[in-house]
Amino acid sequence: MTRPPHKLNSRNIIAVVWDFDKTLTPGYMQAPLFKRYGIDEDFFWKEVNGLPEIYAKRGMHVSHDTVYLNHLLSFIKNGPMKGLQNRHLRELGAEVPLYPGLPGFFTDLQQRVTSKPAYQKHEIRLEHYIISTGLAEMIRGCDIADHVDGIFACEFVECPLPPYYSKQSELSLETDFEISQIGVMVDNTIKTRYLFEINKGVNKHPSISVNAKMAEEDRRVPFQNMIYIADGPSDVPCFSLVRKNGGKTYAVYDPESEAEFAQNDRLREDGRVDNYGPADYTETSPTSRWLRLQIENICERIVHDTESALAQRVKQPPRHLHKDKEVPPEGEIEQDDLFKEPKN
């Protein structure tokens, strides 16, 4: 008898994937960095927003999402942020404010998937991920870092190796550490790559390539087990990917901003998100209630699908048949019936 193929994963993991700036924090995470070095935050972003047009006139094209990284490097190289290191970014991350209800809400959602015996029976668990165009080291330093299973964001390199470093028998010890290169660049399209990494389990099993062909039933976190939460139109690629593949999407807005409210309403009307609400994660807020409801719905579906699949894969054992006590299932016949004469 041919046995059914063994599945790589049990598909009982739920992934809640978060944007960071204006989703988990009211502003941009770099604000404490600018404050530390006495740089006007609005002035910095104004210059960043002007760079794509300036470079375009020179015949060069830059990414609107990540051009700020090179501008930060210019501030380091030319003095205003001289000496900036990755450890400083992590220290400054502790100063990044979070929206109400965080980070406790992350723990609340994880506990919810173990709240019922049926969920425990099927070992359902929930993981939190952050995918951001911001700075990974600052996120690692903030209060929410200990509550997430993975952080995907921009990274910097200090003291890059020189040309022909592989031919040198001994490298000089660098003492003047300073951020000088971009290690990882994440823009709003690259974010979708990390959704696939979570989906396929690349982040847990590095031997798997994100570009590897993988059957849906073997993927660690099915898209239908994902919820993606972000603040606006820049996350449309991720909203579209998750929603198209059966997951849930949710947009948040600053409760004080009418413009952000209207923007999120347009996203819902355009079918980009399933719902939207204020960036308030306290127990009674509409956002926390909606997310708790979706988590419970996913848990119930996992239980149903798992038990249905089990019932289909396991055949009932043979049993003794007694005409006067049991009626055979439809389609089966009693042994005595084989010896009856057919009726005319």
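The residues of the range 63-93 that are over 17 Å from F34 (Cα atoms) and surrounded by fewer than 16 Cβ atoms within 10 Å (Cβ to Cβ) amount to a single one, H64. Contact map, the range 189-205: residues that are without any contact (Cβ under 8 Å) to a residue 24 or more places away in the chain paired with residues that are surrounded by fewer than 20 Cβ atoms within 10 Å (Cβ to Cβ) and of a type in the set (S, T, Y), Cβ distance under 9 Å, separation 6+ or inter-chain. Pairs shown: I190/T66; K200/S209; V202/S209. Is it true that some residue in the range 50-66 is under 28 Å from the mean Cα position of the chain (by Cα) and not in a loop (DSSP other than H, G, I, E, B)? Scanning the range 50-66 turns up no residue that is under 28 Å from the mean Cα position of the chain (by Cα) and not in a loop (DSSP other than H, G, I, E, B). The residue pairs whose first member lies in the range 156-179 and is over 26 Å from F75 (Cβ atoms), whose second member is modelled with pLDDT of 80 or more, and whose beta carbons are closer than 7 Å, counting only pairs six or more residues apart or on different chains, are L171/Y165. Filtering the range 198-225 to residues that are crowded, with 18+ Cβ neighbours inside 10 Å and either of a type in the set (S, T, N, Q) or at positive phi (or both) leaves N199, G201, N203, N225. From the set of residues in the range 188-204 that are in contact with a strand residue (DSSP E or B) (Cβ under 8 Å, 6 or more places away or on another chain) and modelled with pLDDT under 95, which is farthest from Y129 (Cα to Cα)? Ranking the candidates gives N188 first. Could you look through the range 239-277, keep only residues that are in contact with a Pro (Cβ under 9 Å, 6 or more places away or on another chain) and touching a residue at least 40 places away in the same chain (Cβ under 8 Å), and pick out the one that is surrounded by the fewest Cβ atoms within 10 Å (Cβ to Cβ)? Checked the range 239-277; the qualifying residue surrounded by the fewest Cβ atoms within 10 Å (Cβ to Cβ) is D254. Taken together, the residues in the range 205-258 that are in a helix (DSSP H, G or I) and more than 15 Å from the chain's Cα centre (by Cα) amount to 7. In the range 278-293, of all residues being within 22 Å of the chain's Cα centre (by Cα) and without any contact (Cβ under 8 Å) to a residue 40 or more places away in the chain, the one that is surrounded by the most Cβ atoms within 10 Å (Cβ to Cβ) corresponds to T287. Only one of the listed residues (S285, S234) is of a type in the set (S, T, Y) and modelled with pLDDT of 95 or more. That residue is S285.
The values are calculated or read from the model by the stated rules, or taken from the named source; none is laboratory data. What you are looking at is a predicted structure, and each value in this text was computed from that prediction instead of being measured. Using ideal geometry, Cβ is built from the backbone for each residue, glycine included, and neighbour counts are taken over all protein chains shown.
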